[in-house]
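**Q** Structure below; questions to follow.
The values are calculated or read from the model by the stated rules, or taken from the named source; none is laboratory data. Note that this is a predicted model, so its numbers are computed, not measured. Because the Cβ atoms are built from the backbone with ideal geometry, glycine has one as well, and the counts that use them run over all protein chains shown. Only protein heavy atoms, including side chains, enter the accessible area calculation; ligands, DNA and RNA are left aside. Shrake-Rupley method; radii C 1.70, N 1.55, O 1.52, S 1.80 Å.
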Amino acid sequence: MNIEQRAAVDDGQAGENYMLDPRGSEFNALLTSWAGQGWIRALDRAFVLFLEAEAEDSPLVLLAALFTSWQLVKGHICLDLETALNQPAVLPGPEDAGGDAGLITPAAMLRGIKKEQWRQMLLASPLVSDGGVGAAPLVLRDYRLYLRRYWQYEMDVAQALKGKMAHLFERPELVSQLDRLFTPLRNSGERAKTHVHWQSVAAALAARSAFTVVSGGPGTGKTTTVVQIIALLAGLASEQGRILRIALAAPTGKAAARLTESIRQAAARLPDELRAMVPEEVATLHRLLGRRPGSGQFTHNALCKLHIDLLVVDEASMVDMEMMAAVVAALPEEAALILLGDKDQLASVEAGSVLGDLCRQAERPGYKAATLAWLEKNTGYSLREAGGEGGEIDQHIVILRHSHRFGPQSGIGALAAAVNAGDQERVATVWQDYTDIRRLRLTSPEDERLAALILTGYRPALELYRQGPEGGIDCWCRQLLEAFNRFQLLTPARHGAWGVEGLNHLTARILYQAGLVPVPEGWYAGRPVLVTRNDYSLGLMNGDIGITLPDGADGSEHSGLRVVFQSASGELKKISPARLPEVETVYAMTVHKSQGSEFEHTVMAMPEYDSPLLTRELIYTGITRAREQFTLIGCRLELLSAAVGRRTRRASGLGILLG
C-alpha cells in the first residue's frame, strides 16, 4: 500500500494502519513530502533520520521526536502528548490534507492512538529516558517529551530558583524603612495604611528572600519599585558594613536604554544618602554574561560566576528558557535575583515562556499564612484579601495593578484591560468612548488615510533633520533619535501588504513622494534602521535602532553617511553602513520587535487573513506600546475579536516543578 492509498484508510482504523516501517522508504518519503509541503523544517527531518539510524524504533516514537523538535519553532520547550492527541491543530501541517495531493498528515498519523499507549511506547524506547543516568536524546516526564538539552535547561532553572526561594534573609523590621522610601507614605502617617501599597509589599518580599518577581502592566511602577528595592537592600547591607554589588540587565539594547532612563528618573526622587547606592548603567543580558562571538557560549557561567550580590532583569517576559538557564548558572548561589516584567505580554521569540510559567496562577495573590504574617508585620498593611494556598512560587510574586500612565480617562488603558480580560464585546465597543484610541477600516494599504497617518507621524522627525543642527551635532542626533521614537507602525506579520516588508516599502515611497527623503530605497539620509543580528565588535545588539545621517559636523550632504545609535548609557555611536551587521528599514516593525519600547503614537496594522499569530497577548502588547495615542488599521477589523479570544499557551513543566 503506497502513501496515497494509505491516506484513504477509514478514520476508525487509522492509528494502526498508518504504521510504517521506520527503516523503509515509505517513512523517509513521508518525511520528505512533509518537508516539501513546508509542514516541517529540513532540520526536523534530519533529526528524525539521525534517530532512525541510531535505533530501530516505532514510527510513533520517531513521530514524537519529530513533533518535539518542530514544537521549538512555536516556542514550546516540550511536546505535551495529551494536547497533541486532543488538539491536532498544534501539530505541523493541516488536520486533514486528503484533498491536497492525498498526503497523510501528521495529525492523521495519530488517529486512534491513546495517550497511555503512546507513553508506554516512548518509555520502552532506547531513544527515551526519564532524565536519569544515560544520554538518551529524548526525556519523558509524565506526559511531556523533551529534547534532552531543553529538559536540562528547565531543570537547571527550576533547581536554581528553588534554591533562591529557600534562601530567606534575617532582616530587622522593615516598616519604617519602607515608609521612608515610598513617596505615597512620606509624611502621611497611618492614613496611608488604609489601602494596600503593593509596591511596598514587593519591596518587603524582595528583602525576605533571594528571588522575587514583580509583574504589572505599563505605568504600574515596576521601575520605581525596583529602584526603591535597590535602595532598601543597599541600605540594609550598608548597616552591616557591606557594599551591595548590583547589576541591572535587560534582554535587548532598546529595553536596556529605556530602563537606564527610567532608573535615573526614579533614583532622582530618592533621599540624598540613598541615591548614590543605585547603579544607573544597564547592560544587555548578552553583554552582562559576556557572549563569546561565534561560540554560543558565555564568559560567565557555572564555572566563572558573576561578581554580584543582586541581579535585576527587566522585561523578563522576553527571556527564553535557554537564556534564563545561562543567567541562573552564572549567578552566585548567595546572590539575589529580581525579575521585572508584564506577564500578559508576548512571550520570548525563542522557546520557553519563563515569566508566564512563573506567574501562571498569580492573577490573584495566594500568600500562605507564614508569608502573610511576615508581610503584615513588615509593611504594616492588612493583607487578608491576599491570603490563600498558592504554590511555593506564588509566595515570591507581586502583581502591580494600578497604572499611573493609563488613568480612568485613558482609552488605551481601557482597551488593553478589555483585551486582557478576553472581553470581545467590550473590545468592539470601547472605541466610541475615548479620544485617544481609534480604528480605521481601510480597503487597502494604498488608502489615502494611511498615507496621511504616515506623513503626520514621520514628518516632524524628517523636518528636524532637514533643518540641520542648530547647536552641537551630538545634541541634534539625540533629538532626531527621540523624534523618530515618537511614532511607530507595528504589525504582527513580516510578509504581505500589511506586513513589515510591505509597510516599510510603502512608507518609504510616501515619504519620497512628499519630498521628505531623497530616494525611496537603499541607503539615504533619514533612513531609520533596525539591527537584526548581534555584532559584539561594534557593540550593537539585535533590536537596536539607528538613524542614517550625513557624516559631517555641519550636517552637510557631501561627507558620506553614518548610522547613529545611542547606547544604554547615552553614548552615541556613528558607524558606516558598510560596517554594520544585518539591518532593515524600520518605519514599521513587528509587535515582537517592539517589546521593551514605547511610542507617543502607535499605529498597529491587522493582516488580511486570520492566523495563529494573532493572539490576545500580541494585541495587548501592541496596544500598550502607545503612551498617548493608539490607532488600529486594516481591511478586516473583525480579526481583532478572533485574536482576543485566542490565548498563547506554551508547553512547559517549569510552573509544575516550582509548584
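**Q** Being within 21 Å of the chain's Cα centre (by Cα), farther than 21 Å from ILE454 by Cα and at pLDDT 85 or above is the requirement here; does ARG616 meet it?
**A** yes
**Q** Would it be correct to say that ARG627 is open to solvent by 10 Å² or more (accessible area, probe 1.4 Å), under 30 Å from ARG141 (Cα atoms) and within 20 Å of the chain's Cα centre (by Cα)? Let's see the steps before the verdict.
**A** Numbers: open to solvent by 10 Å² or more (accessible area, probe 1.4 Å): yes; under 30 Å from ARG141 (Cα atoms): no; within 20 Å of the chain's Cα centre (by Cα): yes.
So ARG627 fails the test.
**Q** Same structure, new question: Whether any residue in the range 577-586 is of a type in the set (A, V, I, L, M), open to solvent by less than 10 Å² (accessible area, probe 1.4 Å), under 29 Å from THR83 (Cβ atoms) and at pLDDT 90 or above is what I want to check. Give the derivation first.
**A** Let us first name the residues in the range 577-586 that are of a type in the set (A, V, I, L, M), namely 578, 580, 583, 586.
If we keep only those that are open to solvent by less than 10 Å² (accessible area, probe 1.4 Å) too, we end up with 586.
Restricting the remaining residues to those that are under 29 Å from THR83 (Cβ atoms) gives none.
No - not one qualifying residue is present in the range 577-586.
**Q** So, in the range 33-58, how many residues would count as being in a helix (DSSP H, G or I) and open to solvent by 10 Å² or more (accessible area, probe 1.4 Å)? Outline the logic, then answer.
**A** Initial filter on the range 33-58 (in a helix (DSSP H, G or I)): 33-37, 42-54.
If we keep only those that are open to solvent by 10 Å² or more (accessible area, probe 1.4 Å) as well, we get 33, 35-37, 42-43, 45-47, 49-50, 52-54.
Number satisfying all stated conditions: 14.
**Q** Between LEU31, LEU43, LEU49, LEU103, which is free of Cβ contacts under 8 Å to residues at least 40 places away in the same chain, of a type in the set (A, V, I, L, M, F, W, C) and farther than 21 Å from ARG148 by Cβ?
**A** Being free of Cβ contacts under 8 Å to residues at least 40 places away in the same chain, of a type in the set (A, V, I, L, M, F, W, C) and farther than 21 Å from ARG148 by Cβ holds for just one of LEU31, LEU43, LEU49, LEU103, which is LEU31.
**Q** Do we find a residue being under 27 Å from ASP535 (Cβ atoms) and open to solvent by less than 10 Å² (accessible area, probe 1.4 Å) anywhere in the range 329-339?
**A** Checked the range 329-339: at least one residue is under 27 Å from ASP535 (Cβ atoms) and open to solvent by less than 10 Å² (accessible area, probe 1.4 Å).
**Q** Let me ask something additional. Could you tell me which numbered condition PRO218 fails, if it satisfies all but one of (1) at pLDDT 90 or above; (2) under 21 Å from the mean Cα position of the chain (by Cα)?
**A** (1)
**Q** In the range 276-301, what residues are assigned to a loop (DSSP other than H, G, I, E, B) and either at positive phi or under 21 Å from the mean Cα position of the chain (by Cα) (or both)?
**A** Going residue by residue through the range 276-301, those that are assigned to a loop (DSSP other than H, G, I, E, B) are 276-281, 290, 293-296, 299-300.
Hits for the range 276-301 are GLY290, GLY294, GLY296.
**Q** Does TYR536 fit the bill of being surrounded by fewer than 20 Cβ atoms within 10 Å (Cβ to Cβ) and within 23 Å of the chain's Cα centre (by Cα)?
**A** Numbers: surrounded by fewer than 20 Cβ atoms within 10 Å (Cβ to Cβ): yes; within 23 Å of the chain's Cα centre (by Cα): yes.
So TYR536 fits the description; yes.
**Q** Can you tell me how many residues within the range 304-319 are in contact (Cβ under 8 Å) with a residue 40 or more places away in the chain and surrounded by fewer than 24 Cβ atoms within 10 Å (Cβ to Cβ)? Full working, then the answer.
**A** Of the range 304-319, the ones in contact (Cβ under 8 Å) with a residue 40 or more places away in the chain are 306-319.
Subsequent filtering for residues that are surrounded by fewer than 24 Cβ atoms within 10 Å (Cβ to Cβ) retains 306-311.
So the answer is 6.
**Q** Looking at the range 123-151, which of its residues are free of Cβ contacts under 8 Å to residues at least 40 places away in the same chain and not in a loop (DSSP other than H, G, I, E, B)? Full working, then the answer.
**A** Step one: list which residues in the range 123-151 are free of Cβ contacts under 8 Å to residues at least 40 places away in the same chain, which gives 123-124, 129-136, 139-140, 148-149.
Selection gives LEU123, SER129, VAL139, LEU140, ARG148, ARG149.
**Q** Would you pick out the residues in the range 69-88 that are in a helix (DSSP H, G or I) and either modelled with pLDDT of 90 or more or not β-branched (Val, Ile, Thr) (or both)? So that I can check it myself, show each step before the final result.
**A** Step one: filter the range 69-88 for residues in a helix (DSSP H, G or I), giving 69-74, 81-86, 88.
Answer for the range 69-88, where residues must be in a helix (DSSP H, G or I) and either modelled with pLDDT of 90 or more or not β-branched (Val, Ile, Thr) (or both): SER69, TRP70, GLN71, LEU72, LYS74, LEU81, GLU82, THR83, ALA84, LEU85, ASN86, PRO88.
**Q** Please verify whether VAL349 is not acidic (Asp, Glu) and not in a loop (DSSP other than H, G, I, E, B), treating the condition exactly as stated.
**A** Against the criterion (not acidic (Asp, Glu) and not in a loop (DSSP other than H, G, I, E, B)), VAL349 does not qualify.
**Q** Which pairs have Cβ atoms under 9 Å, sit 6 or more apart or on different chains, and link a residue in the range 425-447 that is over 25 Å from GLY502 (Cβ atoms) to one that is acidic (Asp, Glu) and assigned to a strand (DSSP E or B)?
**A** ASP436/GLU628
**Q** Then there is this: Can you pull out the residues in the range 154-172 that are assigned to a helix (DSSP H, G or I) and either open to solvent by less than 40 Å² (accessible area, probe 1.4 Å) or touching a Leu at 6+ places or on another chain (Cβ under 9 Å) (or both)?
**A** Of everything in the range 154-172, those that are assigned to a helix (DSSP H, G or I) and either open to solvent by less than 40 Å² (accessible area, probe 1.4 Å) or touching a Leu at 6+ places or on another chain (Cβ under 9 Å) (or both) turn out to be GLU154, MET155, VAL157, ALA158, GLN159, ALA160, LEU161, LYS162, LYS164, MET165.
**Q** Evaluate the following for ALA124: is it open to solvent by 50 Å² or more (accessible area, probe 1.4 Å) and of a type in the set (A, V, I, L, M, F, W, C)?
**A** Details: open to solvent by 50 Å² or more (accessible area, probe 1.4 Å): yes; of a type in the set (A, V, I, L, M, F, W, C): yes.
Answer is yes for this residue.
**Q** Find the residue count for the range 235-246, including only residues that are open to solvent by 10 Å² or more (accessible area, probe 1.4 Å) and touching a helix residue (DSSP H, G or I) at 6+ places or on another chain (Cβ under 8 Å).
**A** Summing the residues that are open to solvent by 10 Å² or more (accessible area, probe 1.4 Å) and touching a helix residue (DSSP H, G or I) at 6+ places or on another chain (Cβ under 8 Å) in the range 235-246 gives 4.
**Q** How many of the residues in the range 476-496 are open to solvent by less than 40 Å² (accessible area, probe 1.4 Å) and free of Cβ contacts under 8 Å to residues at least 40 places away in the same chain?
**A** Counting residues in the range 476-496 that are open to solvent by less than 40 Å² (accessible area, probe 1.4 Å) and free of Cβ contacts under 8 Å to residues at least 40 places away in the same chain gives 1.
**Q** Still on this structure: Listed residues ALA257, ALA266; which is open to solvent by less than 60 Å² (accessible area, probe 1.4 Å), under 19 Å from the mean Cα position of the chain (by Cα) and of a type in the set (Gly, Ala, Ser)?
**A** Going through ALA257, ALA266 in turn, the sole match is ALA257.
**Q** Of all residues being open to solvent by 10 Å² or more (accessible area, probe 1.4 Å) and closer than 14 Å to VAL213 by Cβ in the range 346-358, which is nearest to the chain's Cα centre (by Cα)? Just the residue, please.
**A** By that ranking, first place goes to SER353.
**Q** Determine whether the range 444-462 contains at least one residue that is more than 18 Å from ALA588 (Cα to Cα) and open to solvent by 40 Å² or more (accessible area, probe 1.4 Å).
**A** The answer is no; no qualifying residue exists.
**Q** Which members of the range 546-572 meet the condition of being at pLDDT 80 or above and open to solvent by less than 40 Å² (accessible area, probe 1.4 Å)?
**A** Once the filter is applied, which keeps residues that are at pLDDT 80 or above and open to solvent by less than 40 Å² (accessible area, probe 1.4 Å), the range 546-572 yields GLY546, ILE547, THR548, LEU549, PRO550, GLY560, VAL563, VAL564, PHE565, LEU572.
**Q** Same structure again: Among the candidates ALA135, ALA207, ALA203, ALA158, which residue alone is out of contact with any Ser or Thr (no Cβ under 6 Å at 6 or more places or on another chain) and at pLDDT below 85?
**A** Working: ALA207 fails: at pLDDT below 85; ALA203 fails: at pLDDT below 85; ALA158 fails: at pLDDT below 85.
Going through ALA135, ALA207, ALA203, ALA158 in turn, the sole match is ALA135.
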